[in-house]
Amino acid sequence: MRRTVRATLTILLLLACLAVACLWWRGRETTDCVDYTHTAGRRDTMTSLYSWHGSFVLEIRREPPARWNQRYVGWAWRSFPSAHVWTAEHLKDLRRHASWAVGIGVGYAPFVDDSGSGAAVAATSWTFWVPPIYPLMLLALSPALWIYRFIRQRRRVAFGRCAHCGYDLRASADRCPECGQPVTVPAQHAT
Ligand SMILES: [Zn+2]
């Protein structure tokens, strides 16, 4: 049971790795974005998660109620070319305003939002920048460990060693004298 749960989790994590790698690759040409637009109250708030030009970017944008935001209330998924659109220019500008350390950036910038039809409004934007390699490594860590342990166990059993601790079991038939685990017999030697 535990093994099945672990195997399922490993496969899910590997799929997540694949998705991150695909987004990363795609980001060079195509920007993918998930937006959440909230317009109630005195300010409109847009929260966007972008995969853009080798970065994952979280942007939280705030501005006075603008008519054009009404059209996007709630969740939205957008996909557009990574160059030559308003968002790309906007992100380029925000990247310049960010402070960077070890590839991670945090930025705050006031700017004029003229992205919609209607009068431009004064907006502010918080951004958080992460290179995809970080989430990729984080997601890959557990599956890599699991696969390493799985291969090590198979090798130990094949060489007549305890799958659990690696102790030489050629003189033991029942239990490992080192860790007490039952002896696992390699498939080809089983009777
Ligand atoms: Zn052992």
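The values are calculated or read from the model by the stated rules, or taken from the named source; none is laboratory data. Keep in mind it's a predicted model, so treat the numbers as computed, not measured. Cβ placement follows ideal geometry from the backbone for every residue including glycine, while neighbour counts extend to all protein chains displayed.
TRP86 versus (1) at pLDDT 90 or above; (2) within 15 Å of SER48 (Cα to Cα): which is the lone unmet condition?
Answer for TRP86: the failing condition is (1).
Of these, ARG149, ARG161, which one is within 16 Å of the ligand (Cβ to nearest atom), without any contact (Cβ under 8 Å) to a residue 40 or more places away in the chain and either surrounded by 15 or more Cβ atoms within 10 Å (Cβ to Cβ) or closer than 30 Å to ALA66 by Cβ (or both)? Steps first, answer last, please.
Values: ARG149 fails: either surrounded by 15 or more Cβ atoms within 10 Å (Cβ to Cβ) or closer than 30 Å to ALA66 by Cβ (or both).
Selected residue: ARG161, the only one of ARG149, ARG161 that is within 16 Å of the ligand (Cβ to nearest atom), without any contact (Cβ under 8 Å) to a residue 40 or more places away in the chain and either surrounded by 15 or more Cβ atoms within 10 Å (Cβ to Cβ) or closer than 30 Å to ALA66 by Cβ (or both).
Conditions first: (1) over 22 Å from ARG28 (Cα atoms); (2) modelled with pLDDT of 95 or more; (3) in contact with a helix residue (DSSP H, G or I) (Cβ under 9 Å, 6 or more places away or on another chain). THR124 passes all but one, so which condition is the exception?
THR124 satisfies all of (1) over 22 Å from ARG28 (Cα atoms); (2) modelled with pLDDT of 95 or more; (3) in contact with a helix residue (DSSP H, G or I) (Cβ under 9 Å, 6 or more places away or on another chain) except (3).
Tell me yes or no: at least one residue of region 139-158 is assigned to a strand (DSSP E or B) and within 34 Å of the chain's Cα centre (by Cα). Reasoning before the result, please.
First, the residues of region 139-158 that are assigned to a strand (DSSP E or B): none.
The answer is no; no qualifying residue exists.
Could you list, in sequence order, all residues of region 165-185 that are within 21 Å of ARG6 (Cβ to Cβ), within 9 Å of the ligand (Cβ to nearest atom) and either modelled with pLDDT of 90 or more or not in a loop (DSSP other than H, G, I, E, B) (or both)?
Within region 165-185, the subset within 21 Å of ARG6 (Cβ to Cβ) is 165-166, 179, 181-182, 184.
Okay, now just the ones that are also within 9 Å of the ligand (Cβ to nearest atom), so 165-166, 179, 181.
Within region 165-185, CYS165, GLY166, CYS179 meet the criteria.
With the condition kept exactly as written, say whether any residue in region 91-111 is buried (at least 16 other Cβ atoms within 10 Å of the Cβ), assigned to a strand (DSSP E or B) and more than 24 Å from the chain's Cα centre (by Cα). Show your work before the answer.
Of the residues in region 91-111, the ones buried (at least 16 other Cβ atoms within 10 Å of the Cβ) are 91, 94-95, 98, 105, 107, 109, 111.
Next, only the ones that are assigned to a strand (DSSP E or B) stay: 98, 105, 107, 109, 111.
Okay, now just the ones that are also more than 24 Å from the chain's Cα centre (by Cα), so 109, 111.
Yes: one or more hits.
Take ALA140 and decide whether it is surrounded by 14 or more Cβ atoms within 10 Å (Cβ to Cβ) and within 16 Å of the ligand (Cβ to nearest atom). Don't jump to the end; show me each part of the working.
On the way: surrounded by 14 or more Cβ atoms within 10 Å (Cβ to Cβ): yes; within 16 Å of the ligand (Cβ to nearest atom): no.
Spelling it out, it is not the case that ALA140 is surrounded by 14 or more Cβ atoms within 10 Å (Cβ to Cβ) and within 16 Å of the ligand (Cβ to nearest atom).
How about region 54-103: which of its residues are in contact with a Leu (Cβ under 8 Å, 6 or more places away or on another chain) and not aromatic (Phe, Trp, Tyr)?
If we filter region 54-103 for residues that are in contact with a Leu (Cβ under 8 Å, 6 or more places away or on another chain), which is where we start, we get 56-59.
Across region 54-103, the qualifying residues are VAL57, LEU58, GLU59.
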